[in-house]
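Worksheet for the structure shown next.
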Amino acid sequence: MTDQSLLTHPVPDASASSQPPAGRPKKVFVKTYGCQMNVYDSDRMTDALARDGYVPTDTAEDADLVLLNTCHIREKAAEKVYSALGRLRELKKKKGAEGREMMIGVAGCVAQAEGDEILRRAPAVDLVIGPQTYHRLPDALRRVRGGERVLETDYAIEDKFEHLPAPDKARTLARGVTAFLTVQEGCDKFCTFCVVPYTRGSEVSRPLAQVVAEAEKLAAAGVRELTLLGQNVNAWHGEGEGGQTLRLGDLLHRLAEIPGLARLRYTTSHPRDMDDSLIAAHATLPALMPYLHLPVQSGSDRILKAMNRRHTASDYIALITRIRAARPDLALSGDFIVGFPGETDQDFEETLEVVKAVGYAQAFSFKYSTRPGTPGAELKDQVSEAVKAERLERLQALLLSQQQAFNQACIGRDIDLLLEKPGRMPGQLIGRSPWLQSVNVDAKGVEIGDIIRVRITAAGPNSLFADVVD
Ligand code: 5AD
Ligand code: SF4
């Protein structure tokens, strides 16, 4: 069902209790936890609220509405939300005593997974809204003003993206020359450790025309680099003008034609969905940056099977070899979990072997965290915290040394740098390399958004330094 009231500018509710004093705009503070998809969603919610007269602010203290956009991927991430809610309750009380109202909303994956529990555990929360219903946010807020505590966690039948406003030019510019664009949401892979299929639902791809229209809008606002997002982005599929099935490689080709868009990226991918057309795009599409985040999670076939990854370690290495043949300067990034139930020392050694065989430019590694409702939570042979900690330390030391080696190997190379923001010193700018490294450069007569040729001169732990090449 389509609720037409969401498509129009709502009339401000004069009887609302949570209104700022006359003459001051309503302010929203959105705190984002977790992945880039949440960053994208927070921006879309901010855009939707702008139609309701809300302007963004950087502090909860200053806000009439605080929205926590939450992450449920690991236990720690979810717990952070409850401690933040504890602090917000105090702030709400203090403001209430001063006659200032503050609404508190919880969005994101914790909202989806634990909506009822949040309302029970956190009485200060006015609104819980899941990722599939963000287009209903303005309406939900009206219900809160009417005195309700709102829980909106159904999977909406309507397409939220059709109802969420496309990024606005001024706000896009303020967000910078790089942008995210969610093209796919949800996951059907059901890795046994992962909550995503339960919190974000099954795989849905946004239609080609919708994605292209949004990308064109972003490019027209000055965006030079676009990162396509999806929990399993390379499962994206669409329909071409002639009715043919399109895959992510085709979408990237289509987006590369948009004037102004110089760089394309995508994240996160599953090895099983790296199809030939996507691999070929890495060879044929100069705009597609030579950087790929391709999680393997473990290097042990036994553990990969228990994780339901549906590939072996050697499948993964063979795939990397094919992608590197298509794009020899490709930098790889990955995700790893240590201490999945049943993981032995031998299994863990096999993970280290895969890391050594691949050579990562960057990587993310985590201790396995039991997620209620996932098959992994039912497994008996849980690994102790001490063993997980010890394995994580060894893995991270290896990954860090690979990252440093990758950065060092860049010294002396000439690269294209997309200028993103001013640096700390006058005349200094910070840009991104094709491999997603942050690079500092002194440059005159250039602007944010320009792509300039530079030579890498030095590498620090987190960023590189470069000189302009004439
Ligand atoms: N425990 C630890 N790490 C997890 N991830 C997903 N679920 C869990 C979990 N239960 C990691 C995976 C995934 C990344 C986004 O988070 O490595 O790729
Ligand atoms: Fe989770 Fe990614 Fe596996 Fe999907 S493919 S279940 S999002 S880890």
In region 190-202, the residues that are in contact with a helix residue (DSSP H, G or I) (Cβ under 7 Å, 6 or more places away or on another chain), open to solvent by 20 Å² or more (accessible area, probe 1.4 Å) and at pLDDT below 95 = Tyr198
Taking Ser269, is it open to solvent by less than 30 Å² (accessible area, probe 1.4 Å), within 15 Å of ligand 1 (Cβ to nearest atom), of a type outside the set (A, V, I, L, M) and free of Cβ contacts under 8 Å to residues at least 40 places away in the same chain?
-> yes
Looking only at region 443-454, which residues are modelled with pLDDT of 95 or more and loosely packed, with under 15 Cβ neighbours inside 10 Å?
-> Arg453
Are there any pairs, at least 6 apart or on different chains, whose C-beta atoms fall under 6 Å, with the first in region 145-167 and among the polar types (S, T, N, Q) and the second surrounded by 14 or more Cβ atoms within 10 Å (Cβ to Cβ) and assigned to a loop (DSSP other than H, G, I, E, B), and if so, which?
-> Thr153/Gly130
Given (1) in contact (Cβ under 8 Å) with a residue 60 or more places away in the chain; (2) open to solvent by less than 60 Å² (accessible area, probe 1.4 Å), index of the condition Lys421 fails | (2)
Among the residues listed as Leu285, Leu264, the single one being under 17 Å from the mean Cα position of the chain (by Cα) and without any contact (Cβ under 8 Å) to a residue 40 or more places away in the chain = Leu264
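Here are Asp52, Asp126: which of them is surrounded by 17 or more Cβ atoms within 10 Å (Cβ to Cβ) and modelled with pLDDT of 95 or more?
Numbers: Asp52 fails: modelled with pLDDT of 95 or more.
Answer to the selection: Asp126.
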Enumerate the helices (runs of 4 or more DSSP H) found wholly within region 290-401, keeping only those where 2 or more residues are closer than 30 Å to Gln112 by Cβ, of a type in the set (Val, Ile, Thr) and within 14 Å of ligand 1 (Cβ to nearest atom).
-> none
Qualifying position, being within 21 Å of Gly176 (Cα to Cα) and either open to solvent by less than 30 Å² (accessible area, probe 1.4 Å) or at pLDDT 90 or above (or both), among Asp64, Asp41 | Asp41
Evaluation of Ala256 against (1) buried (at least 23 other Cβ atoms within 10 Å of the Cβ); (2) closer than 19 Å to Pro434 by Cα (one fails), failing number | (1)
Yes or no: Ala262 at pLDDT 95 or above and either open to solvent by 50 Å² or more (accessible area, probe 1.4 Å) or within 15 Å of ligand 2 (Cβ to nearest atom) (or both)?
-> no
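Would you mind stating whether Lys380 is at pLDDT below 95 and open to solvent by 30 Å² or more (accessible area, probe 1.4 Å)?
Working: at pLDDT below 95: yes; open to solvent by 30 Å² or more (accessible area, probe 1.4 Å): yes.
The answer is yes for Lys380.
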The number of residues in region 317-343 that are of a type outside the set (A, V, I, L, M, F, W, C) and open to solvent by 60 Å² or more (accessible area, probe 1.4 Å) is 4
Applying the selection to region 131-189, what residues are more than 24 Å from Glu216 (Cα to Cα), out of contact with any strand residue (DSSP E or B) (no Cβ under 7 Å at 6 or more places or on another chain) and of a type in the set (Gly, Ala, Ser)?
-> Gly146, Gly147, Ala156
Return only the number of the condition from (1) within 16 Å of ligand 2 (Cβ to nearest atom); (2) open to solvent by 10 Å² or more (accessible area, probe 1.4 Å) that Leu292 does not satisfy.
-> (2)
Take region 97-126 and flag every residue that is part of a loop (DSSP other than H, G, I, E, B) and among the hydrophobic types (A, V, I, L, M, F, W, C).
-> Met102, Ala122, Ala124, Val125
Is there any pair with a first residue in region 448-463 that is under 18 Å from Val223 (Cβ atoms) and a second that is among the basic types (Lys, Arg) whose Cβ atoms are under 6 Å apart and which are 6 or more apart or on different chains, and what are they?
-> Gly449/Arg224
When region 297-345 is examined, which residues are found to be within 16 Å of ligand 2 (Cβ to nearest atom) and among the basic types (Lys, Arg)?
-> Lys305, Arg309, Arg310
Within region 203-219, can one find any residue that is within 27 Å of Glu75 (Cα to Cα), without any contact (Cβ under 8 Å) to a residue 40 or more places away in the chain, in a helix (DSSP H, G or I) and within 16 Å of ligand 2 (Cβ to nearest atom)?
-> no
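So which strands (runs of 3 or more DSSP E) stay within region 232-275 end to end and still have 1 or more residues that are over 29 Å from Thr199 (Cβ atoms)? Spell out how you get there, then give the answer.
On the way: elements: 237-239, 245-247, 263-267.
Of the strands (runs of 3 or more DSSP E) lying wholly inside region 232-275, those with at least 1 residues that are over 29 Å from Thr199 (Cβ atoms) span 263-267.
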Scanning for something small (Gly, Ala, Ser), open to solvent by less than 20 Å² (accessible area, probe 1.4 Å), within 16 Å of ligand 2 (Cβ to nearest atom) and touching a Phe, Trp or Tyr at 6+ places or on another chain (Cβ under 6 Å), does region 355-368 turn up at least one residue?
-> yes
Out of (1) away from ligand 2 (no atom under 16 Å from the Cβ); (2) among the aliphatic types (A, V, I, L, M); (3) crowded, with 22+ Cβ neighbours inside 10 Å, what's the single condition that is false for Ala170?
-> (3)
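The values are calculated or read from the model by the stated rules, or taken from the named source; none is laboratory data. Since the structure is predicted, the reported quantities are computational estimates derived from the model, not experimental observations. A quick note on method: Cβ atoms are made from the backbone with ideal geometry, for glycine too, and the neighbour counts reach across all protein chains shown. Note: areas computed on protein heavy atoms with side chains; ligands, DNA, RNA excluded. Shrake-Rupley method; radii C 1.70, N 1.55, O 1.52, S 1.80 Å.
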